Amino acid sequence: MKYERKILPNLNCGLDMIGEVLYGKWKIRLLWFINEGYKRPSELQRKIPDATRRVLNIQLKELEEHQLITKKIYPVVPPKAEYSLTEFGKTLIPVISLLGEWGDKNEERLREVIMLRF
């Protein structure tokens, strides 16, 4: 059964659109790891062991629908698939890199505020 949204997305500004495209716990990591050369679903699963295969597949499909990645299926047995960034997807890598740098610079403070919730 395919999930169907009941409420249309809010697309009033760039931040809304970014949230719509990148919302999902693993999407930023998936884009980063694909850029780093991890292209097969099994490789991505090993890089993100906390994610279930099902969730990764859903988020990969959404990234593909948003034209950030492409999926190539090779006609072999067993089937082999590989993901790669589109030119559009490559434009996100510098942004993701900056977010990662910000996270590294503020790691101690972020760890504290995150742990306050637990």
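The values are calculated or read from the model by the stated rules, or taken from the named source; none is laboratory data. In this text, all values refer to a predicted model and were calculated from it rather than measured experimentally. So basically every Cβ, Gly included, is an ideal-geometry build from the backbone, and we count neighbours across all protein chains shown. Remember, those area values only see protein heavy atoms, side chains included, never the ligands or the DNA or RNA. Shrake-Rupley method; radii C 1.70, N 1.55, O 1.52, S 1.80 Å.
When segment 69-92 is filtered for residues that are of a type in the set (Asp, Glu) and either in a helix (DSSP H, G or I) or crowded, with 18+ Cβ neighbours inside 10 Å (or both), only Glu87 remains.
Restricted to helices (runs of 4 or more DSSP H) entirely inside segment 1-68, those with at least 1 residues that are open to solvent by 100 Å² or more (accessible area, probe 1.4 Å) and at pLDDT 95 or above are 27-35, 41-47, 53-65. Would you pick out the residues in segment 7-32 that are touching a residue at least 40 places away in the same chain (Cβ under 8 Å) and among the charged types (D, E, K, R)? Result: no residue meets the conditions.
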